[in-house]
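Trainee: This is the structure I have questions about; it appears just below.
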Amino acid sequence: MIINLRVWRQPNAQTPGKMVAYRVEGVSEDMSFLEMLDLLNEDLTVRGEEPVAFDSDCREGICGMCGVVINGSAHGRASSHGDVPTTTCQLHMRSFADGATIDVEPWRAGSFPVIKDLVVDRSAFDRIISAGGFISINAGSAPEAHSVPVPKLQADRAFDAATCIGCGACVAACPNGSAMLFTSAKITHLAMLPQGQPERYLRVKNMVAQHDAEGFGGCTNIGECADVCPKQIPLDAISQLNRDLLKSLFKGEGKTA
Amino acid sequence: MAITGLLLIAFLLMHMVGNLKMFLGPESFNHYAEWLKGEILYPIFPKGSFIWLFRFVLLASIVAHMYSAWVLTIRDRAARGSNYVVTKRRAQTYSARTMRWGGVILAGFLVFHLLQFTTRTFLTGFTATDDPYTMFVKSFSGPMSFMVILYALWLVAVCMHVRHAVWSALTTLGLNTSERARGVLNSLAWIVAVLLFVGFIAAPLAVMFGWIK
Ligand code: HEM
Ligand code: SF4
Ligand code: FES
């Protein structure tokens, strides 16, 4: 099949970017979206042009590295065959018609500056995690699992929240540039487990403070994030975060740092 | 935003019930209006003082609500950064998207509303000395009353704002605990919005059709 692309090209954060049109021939419908971009890049390299920079790693939907806005929807969910939640690497060209025109843009958010073309700097997420998205335990032999029972429903909820791969689609889709879905996924994951309890209320204060310090916006419960999230982190994670944050205001622990 | 907004919605519900007293006749409605201005919580509070406390809380809520909205909007605009060349809206509702400008329109009309019925600066067919019931009837009477249409439009705006607001405020306060809770909160938001619309428009419509004279 033939695909007409319009891709955002931007040499670096300082220089303004623009959409550039390319025609990609010989695309197979079994290719993933990233393989189609690989094909374009081979072609550009042969022609002596600068290839399009984009991020990827596992290419099997589990690492969170890839992610571009396709036809106005993060990871291209709106274009996906059957409208299924997906990562960019798991979106296949069979979702598009032969001869289709596809717009490809980077995640856009004040806190995700463009590094080059479709690559953005998501290190703000790492700093939110370092602010509290962990549990402190002393090293040593693992305790007997049965000594710390976890109710099934809570274990399920913790697991579902833990599937967040930190891709940033939620921020990309949010009209407010808020990273609440990402932050709340980690809060919910640890809040459901016994190991998360000792630092629970300090964690929520610190992570939210870091979220705000990074310049992410405030959530107004619009819901675009959960729609495009490849892992379908539900909106109730955000309510869990708010619930814990409210409770934390009545706890003695102050914020660190 | 959530707390002040919910206070305002609570006020609206109370106000709506008050307006429905139009159906009970002039004595009932006038007595209610008089009680509001004079006798609430009397004798704990001196006559006519509680209304000022009430107005102060309302005004403070409105100011705090608008101030928070302003700060949030500035912050969110900056966080969004540059705009996409192409965007596909998927989950957002029209109400959610129009909270900001919708809110501004509500506030603008509220000023007109107060100048009309509280300070009686704009006399819409009544005289400054009419009792509240007569004022209400004179303002909304006549076939295809322009005032009724204007209020209906305002109420549509109010109820759209309220529809997203109820869901959003309760989620912010931590009540959206599951997929099911989400359904419940969204239904509740619809119920409150529709109730407010029907409850508020009922009396003006009845006046327009001549059922209340
Ligand atoms: C059809 C709809 C409405 C009608 C017919 C109506 C009618 C009235 C009337 C007659 C008064 C004066 C009461 C008195 O002087 O005793 C009043 C006061 C007021 N109304 Fe409305 N109203 C409506 C909707 C609304 C809405 C939607 C809001 C809020 C956004 C609102 C906010 C207020 C406020 C803040 C006051 C002043 C309260 C005070 O004087 O302390 N009204 N309304
Ligand atoms: S919450 Fe979903 S969209 Fe956001 S970073 Fe995690 S996996 Fe990606
Ligand atoms: S490349 Fe790992 S999730 Fe897409």
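The values are calculated or read from the model by the stated rules, or taken from the named source; none is laboratory data. If you're wondering where the values come from, they're calculated on a predicted model, not measured in any experiment. Cβ coordinates were reconstructed from backbone atoms using ideal geometry, including for glycine residues, and neighbour counts include every protein chain displayed. With ligands, DNA and RNA removed, areas are computed over all heavy atoms of the protein, side chains included. Shrake-Rupley method; radii C 1.70, N 1.55, O 1.52, S 1.80 Å.
Rundown of residues vs (1) open to solvent by 30 Å² or more (accessible area, probe 1.4 Å); (2) under 30 Å from residue A:246 (Cα atoms); (3) of a type outside the set (Lys, Arg); (4) out of contact with any Gly (no Cβ under 7 Å at 6 or more places or on another chain), yes/no style:
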{"residue": "B:112", "(1), (2), (3), (4)": "yes, no, yes, yes"}
{"residue": "B:122", "(1), (2), (3), (4)": "yes, no, yes, yes"}
{"residue": "B:182", "(1), (2), (3), (4)": "yes, yes, no, yes"}
{"residue": "B:185", "(1), (2), (3), (4)": "no, yes, yes, yes"}
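Yes/no per residue for (1) within 16 Å of ligand 2 (Cβ to nearest atom); (2) more than 23 Å from residue B:178 (Cα to Cα); (3) of a type outside the set (Phe, Trp, Tyr):
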position	(1), (2), (3)
A:128	yes, yes, yes
A:147	no, yes, yes
A:150	no, no, yes
A:157	yes, no, yes
A:166	yes, no, yes
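Trainee: Mind checking whether some residue in the range A:170-189 is open to solvent by 40 Å² or more (accessible area, probe 1.4 Å), more than 12 Å from ligand 2 (Cβ to nearest atom) and not charged (D, E, K, R)? Full working, then the answer.
Mentor: Initial filter on the range A:170-189 (open to solvent by 40 Å² or more (accessible area, probe 1.4 Å)): A:175, A:186.
Next cut, more than 12 Å from ligand 2 (Cβ to nearest atom) only: A:175.
Filter once more, keeping what is not charged (D, E, K, R): A:175.
Yes; the residues of the range A:170-189 include at least one that is open to solvent by 40 Å² or more (accessible area, probe 1.4 Å), more than 12 Å from ligand 2 (Cβ to nearest atom) and not charged (D, E, K, R).
Trainee: Quick one: would you say residue A:94 is among the basic types (Lys, Arg) and within 16 Å of ligand 2 (Cβ to nearest atom)? Step through it out loud before you land on a result.
Mentor: Values: among the basic types (Lys, Arg): yes; within 16 Å of ligand 2 (Cβ to nearest atom): no.
Answer is no for this residue.
Trainee: Within the range A:80-90, does at least one residue satisfy the condition of being away from chain B (no Cβ under 14 Å), part of a loop (DSSP other than H, G, I, E, B), within 16 Å of ligand 2 (Cβ to nearest atom) and touching a His at 6+ places or on another chain (Cβ under 7 Å)? Working first, answer last.
Mentor: Kept after step one, since they are away from chain B (no Cβ under 14 Å), are these residues of the range A:80-90: A:81-82, A:87-90.
After this cut, where a residue has to be part of a loop (DSSP other than H, G, I, E, B) as well, the list is A:81-82, A:87.
Next, from what is left, pick out any that are within 16 Å of ligand 2 (Cβ to nearest atom): A:87.
Next, from what is left, pick out any that are touching a His at 6+ places or on another chain (Cβ under 7 Å): A:87.
Within the range A:80-90, one or more residues are away from chain B (no Cβ under 14 Å), part of a loop (DSSP other than H, G, I, E, B), within 16 Å of ligand 2 (Cβ to nearest atom) and touching a His at 6+ places or on another chain (Cβ under 7 Å).
Trainee: Moving on to the next point. Report whether or not residue A:103 is away from ligand 3 (no atom under 14 Å from the Cβ) and within 12 Å of chain B (Cβ to nearest Cβ). Even if it seems obvious, please write down each step before you answer.
Mentor: Working: away from ligand 3 (no atom under 14 Å from the Cβ): yes; within 12 Å of chain B (Cβ to nearest Cβ): yes.
It is true that residue A:103 is away from ligand 3 (no atom under 14 Å from the Cβ) and within 12 Å of chain B (Cβ to nearest Cβ).
Trainee: Now a separate question. Do we find a residue being within 14 Å of chain A (Cβ to nearest Cβ) and surrounded by 17 or more Cβ atoms within 10 Å (Cβ to Cβ) anywhere in the range B:187-210?
Mentor: yes
Trainee: Another question, if that's okay. Sort out which residues of the range B:158-180 are in a helix (DSSP H, G or I), open to solvent by less than 30 Å² (accessible area, probe 1.4 Å) and in contact with a helix residue (DSSP H, G or I) (Cβ under 7 Å, 6 or more places away or on another chain), and write them in order of number.
Mentor: B:158, B:159, B:162, B:163, B:164, B:165, B:166, B:167, B:169, B:170, B:171
Trainee: So, one more: Return yes or no: is residue A:94 closer than 21 Å to residue A:1 by Cβ, away from chain B (no Cβ under 14 Å), without any contact (Cβ under 8 Å) to a residue 60 or more places away in the chain and exposed (fewer than 14 other Cβ atoms within 10 Å of the Cβ)?
Mentor: So residue A:94 fails the test.
Trainee: Same structure, new question: Restricting to the range B:46-85, what's the tally of residues that are over 23 Å from residue B:12 (Cβ atoms) and open to solvent by 60 Å² or more (accessible area, probe 1.4 Å)?
Mentor: 10
Trainee: Based on this model, can you work out whether residue B:88 counts as within 14 Å of chain A (Cβ to nearest Cβ) and open to solvent by 60 Å² or more (accessible area, probe 1.4 Å)? Give the derivation first.
Mentor: On the way: within 14 Å of chain A (Cβ to nearest Cβ): yes; open to solvent by 60 Å² or more (accessible area, probe 1.4 Å): yes.
Yes.
Trainee: A further question on this structure: For the range B:21-45, how many residues meet the condition of being among the aliphatic types (A, V, I, L, M) and surrounded by fewer than 14 Cβ atoms within 10 Å (Cβ to Cβ)?
Mentor: First, pick out the residues of the range B:21-45 that are among the aliphatic types (A, V, I, L, M): B:22, B:24, B:33, B:36, B:40-41, B:44.
Checking the rest, the ones that are also surrounded by fewer than 14 Cβ atoms within 10 Å (Cβ to Cβ) come to B:24, B:41, B:44.
Total satisfying the criteria: 3.
Trainee: If only one of A:31, A:36, A:65 is at pLDDT 95 or above and open to solvent by 50 Å² or more (accessible area, probe 1.4 Å), which one is it?
Mentor: When all the criteria are applied, what remains is A:65.
Yes/no per residue for (1) assigned by TED's automatic domain parsing to the domain that holds residue A:169; (2) assigned to a helix (DSSP H, G or I); (3) in contact with a Leu (Cβ under 9 Å, 6 or more places away or on another chain):
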site	(1), (2), (3)
A:198	yes, no, no
A:201	yes, yes, yes
A:211	yes, yes, no
A:217	yes, no, yes
A:237	yes, yes, yes
A:241	yes, yes, no
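Trainee: Moving on. Considering only residues that are under 17 Å from residue A:31 (Cβ atoms) and within 11 Å of ligand 2 (Cβ to nearest atom), which ones fall in the range A:67-79?
Mentor: A:75
Trainee: Just need a number here: residues in the range A:215-257 that are facing chain B (nearest Cβ under 9 Å) and under 22 Å from residue A:110 (Cβ atoms). Even if it seems obvious, please write down each step before you answer.
Mentor: Of the range A:215-257, the ones facing chain B (nearest Cβ under 9 Å) are A:215-228, A:234-236, A:238-247.
Of the ones still in play, those that are also under 22 Å from residue A:110 (Cβ atoms) are A:215-228, A:238, A:241.
Of the residues in the range A:215-257, 16 are facing chain B (nearest Cβ under 9 Å) and under 22 Å from residue A:110 (Cβ atoms).
Trainee: Could you please give the count of residues in the range A:130-146 that are surrounded by 12 or more Cβ atoms within 10 Å (Cβ to Cβ), over 19 Å from residue A:158 (Cβ atoms) and among the aliphatic types (A, V, I, L, M)?
Mentor: Of the residues in the range A:130-146, the ones surrounded by 12 or more Cβ atoms within 10 Å (Cβ to Cβ) are A:130-135.
The next check asks that each one be over 19 Å from residue A:158 (Cβ atoms); those that pass are A:130-131.
So of that shortlist, the ones also among the aliphatic types (A, V, I, L, M) come out as A:131.
So the answer is 1.
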